[in-house]
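What follows is a single structure, written as structure tokens, with notes after it.
Bear in mind that the values in this text are calculations on the coordinates, not laboratory data. All of these numbers come straight from a predicted model, not from anything done at the bench. Ideal geometry is used to build each Cβ from the backbone, glycine not excepted, and the neighbour counts take in all protein chains shown.
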Amino acid sequence: GWSAETIKAFSLGYCSYDKLVQALTKRGYSHEVLGEARVIHEQLFNKRILFPIKDTSGRIVGFAGRTLLEASVAKEKGVQKYVNSDSSALYRKSNTLYNIDKVRGDTVWIVEGYADVISLWQKGITDVVGLGGVAFTEEHIQALLKKGVRTIVLCLDTDKKGQESEARILGQITRRHGLSVLVKDRDECKDPDLCLQTHDFLLTAGTKSMCDYFLEKYQASGNKGDRDKALRSIILEPSKIDRDKLCKRI
């Protein structure tokens, strides 16, 4: 589990709809104002763990809420595991990275979930950001560049969506961005949060370069699409000697 220090560092909380309305009413907010703010009409975060989402300067711009229901029960009831704040002038999921405000170094891990970020942070990997899903945008890249990031370590979930997203991200990030990209070895580790609950394998596991990642995918599948991706990644290698060596593996 997460320590009290970690919970405080990420300002985690729990939303009880009735208590929220009661507290806001006591502070002088009218039902009309709460209605306009969609607090009354939409119990979006009710009975959920709250993850405040901050911009690069540390200002809260939105929230993510995680259900406390077991996965099987949530699926049966049609309850989403996570919900996010609506898009606004301050918050758009497509250009926000969870924990971007705490990034200080030039090497950053990229994971999918909020819990993945927090579990890695608690283990000492403090330069880590979460996508809040699998989408990775040009706005995300620019946010990382503005923070001085030069190397990205991809560590997405090992399910189909995570693997497909990883391939897309590797294709998106080219040398025109000046970013080096590595892929974390995960073996059978489904996602960082679950993995770190049982062992610290992720912390010491090796990484693959973008070329090695695509070459291994092609060698395993023999698929023409994977071959083309491998060739495109090789072309981006600055050293002719390295390019020649890599081409021999095709």
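Laid out as a table, the results:
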| read-out | value |
| --- | --- |
| Options (1) 18.2, 59; (2) 19.4, 80; (3) 20.6, 71 - which one matches Rg and Dmax of the Cα atoms in Å as calculated here | (3) |
| Neighbour-count ranking [beta-carbon atoms within 10 angstrom, fewest first] of H140, H31 | H31, H140 |
| Percent RCO, i.e. relative contact order, over segment 126-250, from Cα pairs under 8 Å lying at least 6 residues apart | 19 percent |
| Cα-based equivalent ellipsoid of segment 165-250: semi-axis lengths in Å, sorted from largest, via gyration tensor | 26, 15, 12 |
| 13 Å beta-carbon shell around L90, net charge (K/R +1, D/E -1) | +2 |
| The chain - mean residue ellipticity at 222 nm from DSSP helices (-39,500 (n - 2.57) per run, n ≥ 4, rounded to 500) | -11000 deg cm²/dmol |
